[in-house]
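Data first, discussion second: the structure below is written as structure tokens.
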Amino acid sequence: MDVPLWLALIVVGYLGVKLVRPPWWLVAVLLLGGYLIAHSVFGPVIGTAVK
């Protein structure tokens, strides 16, 4: 079964929020921080470190 990455991330994120119950400000900070880091100078550095 071929599932798009964005759909898998949405499902895992939804289940994580429902089961763990983190504060919404923490979820927003993590999402915004990840977006900003991915589109900065550190994006390629983190990408090569993860691979």
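The values are calculated or read from the model by the stated rules, or taken from the named source; none is laboratory data. All values reported here derive from a predicted model rather than from experimental measurement. When we count neighbours, we look across all protein chains shown, and the Cβ atoms used for this are built from the backbone with ideal geometry, even at glycine. The accessibility values were calculated without ligands, DNA or RNA, using every heavy atom of the protein model including side chains. Shrake-Rupley method; radii C 1.70, N 1.55, O 1.52, S 1.80 Å.
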Residues being outside any loop (DSSP other than H, G, I, E, B) and surrounded by 11 or more Cβ atoms within 10 Å (Cβ to Cβ) - total across segment 12-51: 15
Residues of segment 1-11 that turn out to be under 14 Å from the mean Cα position of the chain (by Cα) and open to solvent by less than 60 Å² (accessible area, probe 1.4 Å), as a count: 1
